[in-house]
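A short worksheet on the structure shown next.
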Amino acid sequence: AQSVTQLDSQVPVFEEAPVELRCNYSSSVSVYLFWYVQYPNQGLQLLLKYLSGSTLVKGINGFEAEFNKSQTSFHLRKPSVHISDTAEYFCAVKTRGGSNYKLTFGKGTLLTVNP
Amino acid sequence: KAGVTQTPRYLIKTRGQQVTLSCSPISGHRSVSWYQQTPGQGLQFLFEYFSETQRNKGNFPGRFSGRQFSNSRSEMNVSTLELGDSALYLCASSLLAGGTDTQYFGPGTRLTVL
């Protein structure tokens, strides 16, 4: 079975501090990895995705994530956060290969950036 | 370019009724996926349509169904509503099917079942 664990349900930080949102996954097959952000009363927006190639992936809004196959992790980082980064962040895993893929989301991490 | 639109934005139904939600994708996008978001279960994939064909389906009962029209607009139907169907239903569109192409999400339809 495939699963995604976001280790922190809430992460409070101060403005301009660095942040790391952790994501671990379990899958018996190769996967693609995604991070999404959801602002209040809005749909999801793709931050970044890992499909293949370099394990360090850069996304929008200054976010980046590193795929670590041995630790089955895909942690999201930002060196300096802004108030506007306050939102819920979701990690997602999709199995490779064909139309019968399996897509699983983590439970989300609420990032709160305080002044 | 207009984004993904979902109608209605809010809906209140009672148990046993059925409901139809609509999603209009970004112009040119042929793939539409549907998701259910609840506080308890989180985000769950419902199904994906591409060129009027269901390409993939999540683990939901047959009460949840969908379809896609030739203009790529999609509808999702839930029959015999249960209290647990109360959720935010999100749709997303992309150029290609398969889930790796960047998906653009609509704002969702908030369904409340009383």
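Some notes on this structure:
- The one condition in (1) away from chain A (no Cβ under 14 Å); (2) surrounded by 14 or more Cβ atoms within 10 Å (Cβ to Cβ) that B:Tyr89 fails to fulfil: (1)
- Within the stretch B:4-14, one or more residues are in a strand (DSSP E or B), away from every other protein chain (no Cβ under 11 Å), over 17 Å from A:Gln42 (Cβ atoms) and not aliphatic (A, V, I, L, M).
- Criterion (of a type outside the set (A, V, I, L, M, F, W, C) and within 14 Å of another protein chain (Cβ to nearest Cβ)) met by exactly one of A:Lys69, A:Lys94: A:Lys94
- Restricting attention to the stretch A:10-51, the residues being outside any strand (DSSP E or B) and at pLDDT below 95 number 10.
A quick yes/no check of all residues on (1) under 11 Å from the mean Cα position of the chain (by Cα); (2) more than 10 Å from B:Val32 (Cα to Cα); (3) open to solvent by 20 Å² or more (accessible area, probe 1.4 Å):
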residue	(1), (2), (3)
B:Ser79	no, yes, yes
B:Asp85	no, yes, no
B:Ser93	yes, no, no
B:Val113	no, yes, no
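- Residue selected from the stretch B:39-57 under the condition more than 19 Å from B:Leu111 (Cα to Cα) and assigned to a loop (DSSP other than H, G, I, E, B), by the criterion farthest from the other protein chains (Cβ to nearest Cβ): B:Glu52
- Residue within the stretch B:58-71 that is touching a strand residue (DSSP E or B) at 6+ places or on another chain (Cβ under 9 Å), buried (at least 16 other Cβ atoms within 10 Å of the Cβ) and closer than 19 Å to A:Asn41 by Cα present: no
- Leading residue by the ranking (farthest from the other protein chains (Cβ to nearest Cβ)) among those in the stretch A:5-54 that are hydroxyl-bearing (Ser, Thr, Tyr) and over 25 Å from A:Asn100 (Cα atoms): A:Ser54
Residues are listed down the side, and each one gets a yes or a no for (1) closer than 17 Å to B:Gln44 by Cα; (2) in a strand (DSSP E or B):
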| position | (1), (2) |
| --- | --- |
| B:Gly62 | yes, no |
| B:Ser70 | no, no |
| B:Thr80 | no, no |
| B:Gly84 | yes, no |
| B:Leu90 | yes, yes |
| B:Thr100 | yes, no |
| B:Leu111 | yes, yes |
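- For the stretch B:34-54, the candidate set comprises residues that are out of contact with any Lys or Arg (no Cβ under 9 Å at 6 or more places or on another chain) and crowded, with 20+ Cβ neighbours inside 10 Å; within that set, the residue that is nearest to B:Leu95 (Cα to Cα) is B:Trp34.
The values are calculated or read from the model by the stated rules, or taken from the named source; none is laboratory data. All of these numbers come straight from a predicted model, not from anything done at the bench. Here the Cβ is made from the backbone with ideal geometry for all residues, glycine too, and neighbour counts use every protein chain on show. These accessible areas exclude ligands, DNA and RNA; they are computed on the full protein's heavy atoms, side chains included. Shrake-Rupley method; radii C 1.70, N 1.55, O 1.52, S 1.80 Å.
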